[in-house]
């Protein structure tokens, strides 16, 4: 009884905390990936925008998919959604609850990536350096239109020979970075306010349905874990019985054909039981050969 | 303590989580290998492509094979595939399931290597530096160099110290261009792999859940059965060895007693367990003889029933009586399978 209680507690605490743990790990991985990624803007007119926006949006999609893949509950939810009704009704509220909790957790890492990208500023500088108005900046105002695009595209690359002598590139960088950081902080603020409101106002609406949905989604998760564990235990017992039957049938066969007189109950030591009647090299070899060539049938009745 | 034992049992019973741990380690090892590897572009026209693509494609292949080699289940799969049918039918769905799950895990480390290589950019820069579009990025109208010369100059792009084509095309411009393309390829590759993984994982419950549960149960069963059989055989071998050695010592002491024509000295009733454990060997000469005969003439792998004294010979003389019965046993065994 005590053991079952401990197992239940373990499974119960396991489900939510494991999911939160994975979500946190992915967010940390997202920051680490960004810092270890060597951002290098191509500084060419057509390529800048594609590169910058690509770095800003493609990794979040990857992180979102990873968040869905690594979350065990998404499989549980899909199974519950697609299973035939059978004798157990399907409750759509439960499926919706599970779906929304999975999505919320999967969104954390992509949002972290986007916010970190914006706060750092390199992506936006790379993507939009070609789109600033050159008349606002002294160094670019008197350049011909054909050249200005080339020059603006090179702004993110400080070490480029054209940029080394041009002092306006810093102005453009600062301008774009300011926009980028403002955008980053605004997004962060909006998301935090939304999360706060959602959590605070939730008890005001349909609390009872929420409690039910949460209980049954937890139940489905635990039920599946226990089913898997029971299957494991069962297959272990099945295998054990199968092997014992096999040894027993070998012993019967040897008794039948070996014409050796076995003294029943003659000082039966514990070792004799373990030997199961197989007491010489040929018998052992035959047993092993039979195990490979003729595995016993899966029937222990 | 109890909880640790439970957690350990949980991980052990759950083969999947154990294998996932292994492939996470392989992915980390793959990243570590890449950062420890000293990439050295040859900067010669034809060698660059071979070197770059070689570093991009050969280690993933090695890692893929390593993933299979390190997986214990590969021998289980091979055994299940090649065994004769006998009394137990073979289910191809189970074999497919085992192979697919092994292949999926073995793919992770190579995919990590390819992504890290592409995102880093050195390989692609080395391999494709001779294909940089000089017309758009540099001065194609530079004092005419022959095609071969241009190729040789471009091939030196990854090696900044010896690059001499600054007038043809600036080194930084070319490197930035190639690296941008490499990183774009890298991210697209990662996106593709992740999407595939997501589709594989999420389409399965929609289509073949029942078949999947069956295959998973039986593949797990085969694994457990093999382990239990090995355990039972090990137990049996232990008992076999114990009885064999006991009978050897008994045979030795009986022979010595017979050879010296001594009446077997009955151990005093109150001698206790220690005397019994001595197995009748009580002096140095006898012990030395026992050790010598253990080395020179090991007893046969045949345990006789523990009743009758075997007379004058070694326990080894139990062997001849077996031979007449062996052909009989073989014939009988033949009949039993008809």
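Values in this text are rule-based calculations from the coordinates and carry no lab data. Nothing here was measured: the structure is a model prediction, and the numbers come from that model. Neighbour counts are summed over all protein chains in view; Cβ atoms, including those assigned to glycine, are modelled from backbone coordinates with ideal geometry.
Under a GNM of chain A (C-alpha, springs under 10 Å), which listed residue has the highest mean-square fluctuation: A:111, A:76, A:143?
Comparing A:111, A:76, A:143 in the GNM, the peak value goes to A:143.
Please find, in a Gaussian network model of chain A (springs between Cα atoms separated by less than 10 Å), the residue of A:233, A:80, A:223 whose mean-square fluctuation is greatest.
Most flexible of the set in this elastic network: A:233.
Ordered by packing density, taken as the mean number of other Cβ atoms within 10 Å over each peptide's residues, highest first, how do B:61-68, A:86-93, B:122-129 rank?
Final packing ranking: B:122-129, B:61-68, A:86-93.
Using only Cα atoms and rounding to the nearest 10 degrees, what angle (0 to 90) does helix A:281-293 make with the longest principal axis of chain A?
Between helix and principal axis, roughly 50 degrees.
Can you give me the pair-distance distribution of the range A:31-175, C-alpha pairs, 5 Å bins, whole percents?
Values per bin, smallest distances first: 2, 9, 15, 15, 12, 9, 8, 7, 6, 5, 4, 4, 2, 1, 1, 0.
Can you give the angle from 0 to 90° between the axis of helix A:45-70 and the longest principal axis of chain A, with both taken from C-alpha atoms, to the nearest 10?
The two axes meet at around 30 degrees.
Could you rank the peptides B:104-114, A:208-218 by their average count of other C-beta atoms within 10 Å per residue, with the highest value first? If you can, show how the numbers build up before the last one.
Working: B:104-114: 21.5, A:208-218: 14.9.
Sorting B:104-114, A:208-218 by mean packing, highest first, produces B:104-114, A:208-218.
Measuring from label point to label point, each 7 Å out along Cα→Cβ, what is the residue B:90 to residue A:32 span in nm?
Once both label points are built, they end up 4.3 nm from each other.
Using alpha-carbon positions, what is the distance between the centroids of the range B:15-75 and the range A:63-84, in Å?
Going from one Cα centre to the other spans 30 Å.
If you bin every alpha carbon distance in the range B:39-132 into 10 Å steps from zero, what whole percent lands in each bin?
15, 31, 21, 16, 11, 4, 1
When you look at the Cβ of every residue in A:217-227, what mean number of other chain Cβ atoms sits within 10 Å?
On the way: counts 0, 0, 0, 0, 0, 0, 0, 0, 2, 0, 1.
Rounded to a whole number, the mean comes out at 0.
Rounded to two decimals, what ratio of Rg to Rh does chain A give with C-alpha atoms and a Kirkwood Rh? Please report the intermediate quantities before stating the final value.
Details: Rg = 33.9 Å, Rh = 26.3 Å.
Reported Rg/Rh, Kirkwood definition of Rh: 1.29.
To the nearest 10 degrees, how steep is helix A:207-258 against the longest Cα principal axis of chain A, on a 0 to 90 scale?
Relative to chain A, helix A:207-258 is tipped by roughly 40 degrees.
Taking each residue in B:201-209, count the Cβ atoms of any other chain within 10 Å of its Cβ, then average. What number comes out?
Values: counts 7, 6, 1, 4, 10, 4, 1, 0, 6.
That works out to 4 on average.
Hey, how many Å between the Cα centroid of the range A:167-237 and the Cα centroid of the range A:30-45?
Centre-to-centre distance over Cα atoms comes out at 26 Å.
Let me confirm one metric for peptide B:220-229, namely the mean number of other chain beta-carbon atoms within 10 Å of its residues' beta-carbons. Before the final figure, lay out the partial values.
Numbers: counts 6, 9, 3, 2, 7, 10, 2, 2, 8, 9.
Across B:220-229, the average partner-chain Cβ count within 10 Å equals 6.
Once you sort the root eigenvalues of the Cα gyration tensor of the range B:1-207 as a ≥ b ≥ c, which label holds: rounded (a/c under 1.5), prolate (a/b larger than b/c) or oblate (the other case)?
Note, shape of the range B:1-207 comes out prolate.
What order, most packed first, do the peptides B:287-295, A:283-291 have when packing is the mean number of other Cβ atoms within 10 Å of each residue?
A:283-291, B:287-295
Counting pairwise Cα distances across the range B:209-260, what percent come out greater than 17 angstrom? Mind showing how you got there, number by number?
Values: 821 of 1326 pairs.
When all Cα pairs of the range B:209-260 are counted, 62 percent exceed 17 Å.
Can you sort A:276, B:296 by how many other beta carbons sit within 10 Å, fewest first? Spell out each step's value before the answer.
On the way: A:276 19, B:296 7.
Arranged by neighbour count, lowest to highest, A:276, B:296 become B:296, A:276.
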